[in-house]
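**Student:** After the structure tokens below, expect a handful of questions from me.
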Amino acid sequence: MKKIKTFVCENCGYESPKWFGRCPVCGQWNTAKEVIKGIGKGSKSPLPSLIYLSKNQIENQIRISSNIDELDRILGGGFVKGQAILLGGEPGIGKSTLALQISDKATEKGLKVLYASGEESIDQIFYRAKRIDVSSEIVITTEQNIDTISEVAKDFDLLIIDSIQTFYTPDLGSIPGSISQIRAVTGKMVKAAKENQTVILLIGHITKSGDIAGPKIVEHMVDTVLYFEGERTTDYRIIRVFKNRFGPSGEIAIFEMTSKGLNAVKNPVFIEDDIPFGNAIACVLEGSKPIIVQVQALVSRSKIPSPRRTAVGIDITRVNAVVAVMSKLLKLPLDMHEIYVKILGGMRITDPGLDLAISSAILSSLLEKELSKIVFIGEVGLDGKIRLPFATNKRIETVVQSGFKEVAAPATPIEHRNLIVHETRRLSDLISIMG
Ligand SMILES: Nc1ncnc2c1ncn2[C@@H]1O[C@H](COP(=O)(O)OP(=O)(O)OP(=O)(O)O)[C@@H](O)[C@H]1O
Ligand SMILES: [Mg+2]
């Protein structure tokens, strides 16, 4: 076998045939370590072990309930044995609170759970356990050596690592939190999950600036990626399924942070009591979850040639497209106005069924006319035509169940007594709704 000399950055794993003083990828100094590698055909490698997939084995893929309904639902029916899950979120968003609640609920259900905390003392964990009223006997460790933790993985059904940035393997010389350690910790835990059929929940910090040392670098290694989102100014917290090898992605679960911990919000209605002009209500779907949200717009005359446009909770390019269609087809002077659009309650909406509510809120602000409690459902095409979004029936059902009496949509496939429908097939129909 031919041997070659290479230099590997101890911090991020960057490889170069030449020595480097400063790593060109992570920018760390003096992290180059000489490694000798064997390449090409040498001694015979052992044959790979072959496993034959049988129908029986596939059907026997066992789901394990977390004992938290909303979590089970977004995971596609609960955990799967041997599943490696990454739960990412900004500092302070509530990851450890959720982890402790999962530990409590799962232990209560009879699962063997180990909660490994690498960043908090036992006292801090006890304090949180008291706050959220833990009722079961949770097993905790503050051991940070991932090799030691792997050794005991076989004894547990669920193992929580809080967080991957604070664990390490002595195999590497780098400090916990470095890219090479994060990769190694995740790799070892994924292996432990598969070998022992233990569910592993790895917690990772991300920052608003999209820190590269964050969990993003290990997304491809795990089966499922969950992101914990929310605005600090509101109590709502959202778990979004970003990737799932065992179920659909895009699903969300909504929780409310209270003094007693996180409570699931099963039928989310994020609207205020009075709806002044500039506000419009929508029924959107994030994953399969219907949510009633309030869109707020402010349209104000601008003195500068390219007026400001901002969006909070929605993609600005969607707002720009809706504004362009409104300007052209309704002949509105929107290019002379600053436009600010936001979703109330700290939600981030990706559903195009929100378009009609965005245009209605903008028009309502421009004309200073209230829309009362009409729920808008529709996707705005570049031709100005309003189209029914997917799962319209489910949205209408939600609107009725939530006690609303009026909807605006291009058509309603199902009829409901006591529901007034404002047929809105083109953007121009909005003008008549506003009277
Ligand atoms: N008594 C309380 N009442 C309401 N909310 C609280 C209370 N105590 C803590 N919280 C909430 O819990 C959050 C902290 O939760 P937690 O420590 O689980 O977050 P984390 O994501 O694990 O943070 P870190 O990044 O520091 O590990 C706080 O930001 C706050 O929103
Ligand atoms: Mg924490």
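**Student:** Taking neighbour counts of Cβ atoms within 10 Å as a proxy for exposure, in what order, fewest first, do CYS26, CYS283, CYS12 appear?
**Tutor:** By the 10 Å Cβ count, ascending, the order reads CYS26, CYS12, CYS283.
**Student:** Further question: For the chain, which cysteines have no disulfide-compatible partner, meaning no other cysteine Cβ under 4.7 Å?
**Tutor:** CYS283
**Student:** Sum up the lysine pairs in the range 180-270 that clear both bars: alpha-carbon distance under 22 Å and a spacing of 8 or more or different chains.
**Tutor:** 9
**Student:** May I pose another question? Rank these for me by crowding, MET434, MET257, MET189, going from fewest to most other beta carbons within 10 Å.
**Tutor:** In order of increasing Cβ crowding within 10 Å: MET434, MET257, MET189.
**Student:** Moving on to the next point. For the range 62-264, give me the percentage of DSSP beta bridges that are antiparallel, rounded to the nearest 5 percent.
**Tutor:** Here the antiparallel bridges make up roughly 40 percent for the range 62-264.
**Student:** Provide the per-residue ³J(HN,Hα) series for the range 425-434, in order, calculated from phi with Karplus coefficients 6.51, -1.76, 1.60 and θ = phi - 60°, each as a whole number of Hz, with x at glycine and proline positions.
**Tutor:** Per-residue couplings from phi come out as 8, 10, 4, 4, 5, 5, 4, 6, 4, 7 Hz.
**Student:** Right, another one. For a protection proxy built on the mean count of beta-carbon atoms within 10 angstrom, sort 161-170, 380-389, 133-142 highest first, please.
**Tutor:** Highest to lowest by the protection proxy: 161-170, 380-389, 133-142.
**Student:** Find the centroid of the Cα atoms in the range 358-389 and in the range 179-200, then give the distance between the two in whole Å.
**Tutor:** Centre-to-centre (Cα) distance: 48 Å.
**Student:** What's the angle, to the nearest 10 degrees (0 to 90), between helix 392-401's Cα axis and the longest principal axis of the chain?
**Tutor:** Compared with the principal axis, the helix lies near 80 degrees.
**Student:** Just to check I understand the Karplus step: with θ = phi - 60° and J = 6.51 cos²θ - 1.76 cosθ + 1.60, what whole-Hz values come out for the range 66-72, glycine and proline as x?
**Tutor:** 3J(HN,Hα) across the range 66-72, in whole Hz: 7, 6, 10, 3, 5, 5, 4.
**Student:** Okay, moving on. Would you grab the residues whose amide H sits under 5 Å from the one on TYR14? Only those 5+ places off in sequence or on another chain, please, with H modelled 1.01 Å from N.
**Tutor:** Answer set, sorted by chain and number: CYS9.
**Student:** From zero outward in steps of 10 Å, how is the percent of C-alpha pairs of the chain spread across the bins?
**Tutor:** 4, 18, 23, 20, 17, 12, 4, 1, 0
**Student:** Of all beta bridges DSSP finds with both residues in the chain, what is the antiparallel percent, to the nearest 5?
**Tutor:** Of the beta bridges lying entirely in the chain, close to 55 percent run antiparallel.
**Student:** Using just the helices of the chain, give the 222 nm mean residue ellipticity in deg cm²/dmol: DSSP H runs with n ≥ 4 each add -39,500 (n - 2.57), and the total is spread over all residues, rounded to 500.
**Tutor:** Rounded to the nearest 500, it is -7000 deg cm²/dmol.
**Student:** Helix 179-196 versus the longest principal axis of the chain: what angle, 0 to 90°, nearest 10, using Cα atoms?
**Tutor:** That helix lies at roughly 80 degrees to the long axis.
**Student:** What translational diffusion coefficient, to the nearest whole µm²/s, does the range 90-172 have by Stokes-Einstein, given a Kirkwood radius computed over alpha-carbon pairs, a temperature of 25 °C and 0.890 mPa s viscosity?
**Tutor:** Value of D from the Cα-based Kirkwood radius: 187 µm²/s.
**Student:** Considering the Cα trace of the range 269-433, what is its radius of gyration and what is Dmax, both in angstroms?
**Tutor:** 14.6, 49
**Student:** How much length, in nm to one decimal, is gained on full extension between SER302 and GLN401, taken as 0.36 nm per residue of separation minus their Cα-Cα distance?
**Tutor:** Computed gain between SER302 and GLN401 is 31.5 nm.
**Student:** Enter the angle in degrees (range 0 to 90, nearest 10) between the Cα long axis of helix 316-329 and the first principal axis of the Cα atoms of the chain, meaning the one along which they spread out most.
**Tutor:** Tilt of helix 316-329: around 20 degrees.
**Student:** Here is a follow-up. What ranking of SER359, SER180, SER327, SER372 emerges when the number of other C-beta atoms within 10 Å of each C-beta is taken as an exposure proxy, fewest first?
**Tutor:** Going from least to most buried by this count: SER372, SER327, SER180, SER359.
**Student:** Let me ask something else about it. Take the Cα pairs of the range 62-264, get the Kirkwood Rh, then feed it into Stokes-Einstein at 37 °C and 0.692 mPa s and tell me D in µm²/s.
**Tutor:** The Stokes-Einstein estimate is 197 µm²/s.
Quick note: the coordinates plus some simple rules give every number you see, no bench work behind them. Owing to the predicted nature of the structure, the values given are computational and were not obtained by experimental measurement. Note that each Cβ is placed from the backbone with ideal geometry, even for glycine, and that neighbours are counted across all protein chains shown.
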